[in-house]
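Novice: Input: one structure, supplied below.
The values are calculated or read from the model by the stated rules, or taken from the named source; none is laboratory data. Just so we're clear, the structure is a prediction, and the values are computed from it rather than from any experiment. In this analysis, Cβ positions are derived from the backbone assuming ideal geometry, glycine residues included, and neighbour counts consider all displayed protein chains. For the accessible areas, the whole protein counts, side chains as well, though only heavy atoms, and no ligand, DNA or RNA atoms are used. Shrake-Rupley method; radii C 1.70, N 1.55, O 1.52, S 1.80 Å.
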Amino acid sequence: MRTYIKRGMNASDLRKQQEDVAAQVRSILADVETRGEEAIRELSLKFDNWNPAQFRLSDEEIEGAFSRVSEQAIQDIRFAQDQIRGFAEKQLSCLQELEVETLPGITLGHKNIPVESVGCYIPGGRYPMLASAHMSIVTARVAGVKRIVACTPPSRGEMPDATICAMAMAGADEIYLLGGIQAMAAMALGAGTIRPVDMLVGPGNAFVAEAKRQLYGRVGIDLLAGPTEVLIIADHTADAEMVACDILGQAEHSPTSPSALITTSAELARTVLEEIERQLQTLPSAPIASMSWADYGQIILVDSYEEAVEVANELAYEHVEVLTEDPGYFLDYMYNYGALFLGPETNVAYGDKVIGTNHTLPTKAAARYTGGLWVGKFIKTCTYQRCTPEASVQIGEYAERLCELEGFSGHRAQAIIRLNRFGGQERPLHS
């Protein structure tokens, strides 16, 4: 039986927060749609203290960013992008096109067609999330997307040089220094010189995630990736210091980042609580991480691996670290998660920054119905069909009768006209 050693905010409080965010986003999107670039400029000045002559960075400005970033940083960015690109290329190789003759004279198939244009959001603000450039832009480029637009906010009124370098190295065609809801609106709806895109991708805070949700339908999206989440599943073999460290490592993202520990060990639960408080005394990001842990952290004591799996699948968290005697058990039996990190040798930071898997992952239980961003998200699998005249007659006989069963006279006529043309029949289209 599960026992809650610590709980986070209650469901009604969380719903109220979401309703407030949704209302603010709705108002801002409506304003941008009405006033275009004028609204974008007001929002950028208000939230980021940024109102340049042009939001799009020139080649000279991008070159300036490179001149201010160390060679070691450039090499590290290149290494990370090589890992993401390599894994994306392996994933792409799994996506096969298909053509098959299902009956004599009937050919069916599908083609994998990249999305034409994509807007990639690279979060900034509190932290310059340059790794998101690797995850979205590199992966879109591997998929074959023709036009890649990338937006990132200024950092305290300045250009985030390392992020700009990462965006350029990843292969962005257009780079804009623009953040938040206004960036999502500009990419989706178009504003000034920014032409709209077909799809929005990338993580962000609650406002960015809500903007993607409200814009979905006008454009495609990868998934709803809001404030990051981490779940650690641990047993008596786990290192309490490591568990606490990995919880706080994600809690530092924002005051609204959920974190959870599911454990079969009451002793570990007690020790982790103490260890978190100890580490908060020296963690530089403690002002954020402590709020996140206080309001959104929870510890759940369970009786067995089976119950741990049950609770973990209910939570459906974004990142799931497994620090147990048998991590493979959870790979076999868990089915709701964004990404698994198996064993103490790996961790969420590896996945977030460099190892090669994508860090744009489902949050708020979206892992129940989607995986994370990957090369396949940028590809439309589109079907086609062709028939010989003889096969058209064969299928037409069935189609006519089935359309009649459903009462679709116009559909039925499509079959009859082909029976007349290719089968030598002389029947009226409508009777």
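Novice: Any of K6/K46; K6/K212; K111/K353; K146/K353; K46/K212; K353/K377 with alpha carbons more than 28 Å apart? Name them for me.
Specialist: K6/K46; K6/K212; K111/K353
Novice: In whole percent, and with a 1.4 Å probe on the protein chains, what portion of the accessible area of region 193-243 is carbon and sulfur?
Specialist: Exposed carbon and sulfur together represent 52 percent of the surface.
Novice: Okay, which of region 146-176 sit inside 11 Å, backbone N to the point 7 Å along the Cα-Cβ direction of R195?
Specialist: Residues 147-148 fall inside that zone.
Novice: I'd like the Karplus ³J(HN,Hα) series for region 109-117: coefficients 6.51, -1.76, 1.60, θ = phi - 60°, whole numbers in Hz, and an x wherever there's a Gly or Pro.
Specialist: Residue by residue, region 109-117 yields x, 9, 10, 9, 10, x, 4, 5, 9 Hz.
Novice: At 222 nm, what value in deg cm²/dmol follows for the chain if DSSP H runs of at least 4 each add -39500 (n - 2.57) and the sum is divided by all its residues, to the nearest 500?
Specialist: That comes out to -14500 deg cm²/dmol.
Novice: For region 349-431, what does the convex hull of the Cα positions come to per residue, in cubic angstrom?
Specialist: Considering the Cα atoms of region 349-431, their hull volume per residue is 158 Å³.
Novice: To check you understand DSSP bridge types, tell me what percent of the beta bridges within the chain (both residues inside) are antiparallel, rounded to 5.
Specialist: Roughly 35 percent of the DSSP beta bridges within the chain come out antiparallel.
Novice: Okay, next question. Treating the chain as a set of equal point scatterers at the Cα positions, no solvent, please give the Debye-formula log₁₀ I(q)/I(0) at q = 0.08, 0.10, 0.11 Å⁻¹.
Specialist: -0.55, -0.79, -0.90
Novice: Rank S285, A251, A240 by how far each Cα sits towards the positive end of the charge dipole of region 237-331 (+1 on Lys, Arg Cβ; -1 on Asp, Glu Cβ) and give me just the farthest.
Specialist: About the Cα centre, the residue reaching furthest to the positive side is S285.
Novice: Write down the accessible area per residue of region 304-431 in Å², having rolled a 1.4 Å probe over the full set of protein chains.
Specialist: With the other protein chains kept in place, region 304-431 gives 55 Å² per residue.
Novice: Also, quick follow-up: Determine the per residue accessible area of region 142-200 with all protein chains present and a 1.4 angstrom probe, expressed in square angstrom.
Specialist: For region 142-200, the per-residue accessible area is 27 Å².
Novice: Next question. With a 1.4 Å probe and all protein chains kept in place, how do V118, V393 rank by accessible area, largest first?
Specialist: Reading off the accessible areas and sorting them downward yields V393, V118.
Novice: Right, another one. When a/c is below 1.5 the answer is rounded, else prolate if a/b is larger than b/c, else oblate, so apply that to region 261-356 with a ≥ b ≥ c taken from the square roots of the Cα gyration tensor eigenvalues.
Specialist: oblate
Novice: Using θ = phi - 60° and the Karplus form 6.51 cos²θ - 1.76 cosθ + 1.60, what ³J(HN,Hα) does each residue of region 326-335 get, whole Hz, x for Gly and Pro?
Specialist: After applying 6.51 cos²θ - 1.76 cosθ + 1.60, I find 10, x, x, 4, 6, 5, 6, 10, 7, 9 Hz.
Novice: Would you work out the charge dipole size for region 42-166 about its Cα centre, treating the Cβ of every Lys and Arg as +1 and the Cβ of every Asp and Glu as -1, and quote it to the nearest 20 debye?
Specialist: Dipole of region 42-166, to the nearest 20 debye: 260 debye.
Novice: Based on the Cβ-Cβ distance of R427 and V100, what FRET efficiency does E = 1/(1 + (r/R0)^6) give at R0 = 35 Å, to the nearest 0.05?
Specialist: So, using R0 = 35 Å, E works out to roughly 0.65.
Novice: Top to bottom by accessible area (1.4 Å), largest first, where do T102, T263 land?
Specialist: T102, T263
Novice: How high is the relative contact order of region 138-225? Use alpha-carbon pairs under 8 Å, at least six apart in sequence, and give a whole percent.
Specialist: Result for region 138-225 is 23 percent.
Novice: Summarise the accessible area of region 1-139 (1.4 Å probe, protein heavy atoms) by the percent that is carbon and sulfur.
Specialist: 53
Novice: Further question: Set the Förster distance to 25 Å, then compute FRET efficiency between R126 and K6 from the Cβ-Cβ distance, nearest 0.05.
Specialist: Calculated transfer efficiency: 0.50.
Novice: In region 364-407, what percent of the accessible surface is made up of carbon and sulfur (1.4 Å probe, ligands and nucleic acids excluded)?
Specialist: 54
Novice: Across region 252-259, in residue order, what do the Karplus-derived ³J(HN,Hα) couplings come to in whole Hz, using 6.51 cos²θ - 1.76 cosθ + 1.60 with θ = phi - 60° and x for Gly and Pro?
Specialist: Here the 3J(HN,Hα) series is 6, 4, 6, x, 10, 8, x, 9 Hz.
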